[in-house]
Amino acid sequence: MSERSLQRKLSAEATTFDQLLDELRHGLSLRYLADPRISIAETAYLLGYSEPSAFHRAFKRWTGQTPSQARGRAA
């Protein structure tokens with residue numbers, strides 16, 4: 001599928017690729033943080049963030065708390 005075709009299909013569903021990626025990263029971050037064997041830095045890497053601080057900002061935007069706070073509550 002071409003990039004433009006994908007854009008049209010996503011537009012028809014009232015969403016964007018960036019929105020879908022953000023939702024996927026949010027869901028996966030919760031799953032990864034629930035596993036104490038996966039570090040926060042590794043979680044950031046697995047989700048495709050360039051550095052842990054970028055992941056930290058995104059997680060705080062999604063949940064209102066830091067990844068460390070979320071991990072502490074999950075334990």
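The values are calculated or read from the model by the stated rules, or taken from the named source; none is laboratory data. Being a predicted model, the structure only gives us computed values, none of them experimental. Every residue, glycine as well, gets a Cβ built from its backbone with ideal geometry; the counts of neighbours run over all protein chains shown.
Per-structure values
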quantity: Residue that is farthest from residue 30 (Cα to Cα), among those in region 47-75 that are among the hydrophobic types (A, V, I, L, M, F, W, C) and exposed (fewer than 13 other Cβ atoms within 10 Å of the Cβ); calculated: 75
quantity: Hits in region 21-47 - residues which are closer than 12 Å to residue 58 by Cα and touching a Ser or Thr at 6+ places or on another chain (Cβ under 7 Å); calculated: 29, 47
quantity: Residue in region 23-46 that is among the polar types (S, T, N, Q), touching a Pro at 6+ places or on another chain (Cβ under 8 Å) and surrounded by 12 or more Cβ atoms within 10 Å (Cβ to Cβ) present; calculated: yes
quantity: Enumeration of residues in region 1-43 that are of a type in the set (A, V, I, L, M), closer than 30 Å to residue 68 by Cα and not in a helix (DSSP H, G or I); calculated: 34, 38
quantity: Among (1) at pLDDT below 95; (2) of a type in the set (A, V, I, L, M, F, W, C); (3) surrounded by 15 or more Cβ atoms within 10 Å (Cβ to Cβ) - the single one residue 6 does not satisfy; calculated: (3)
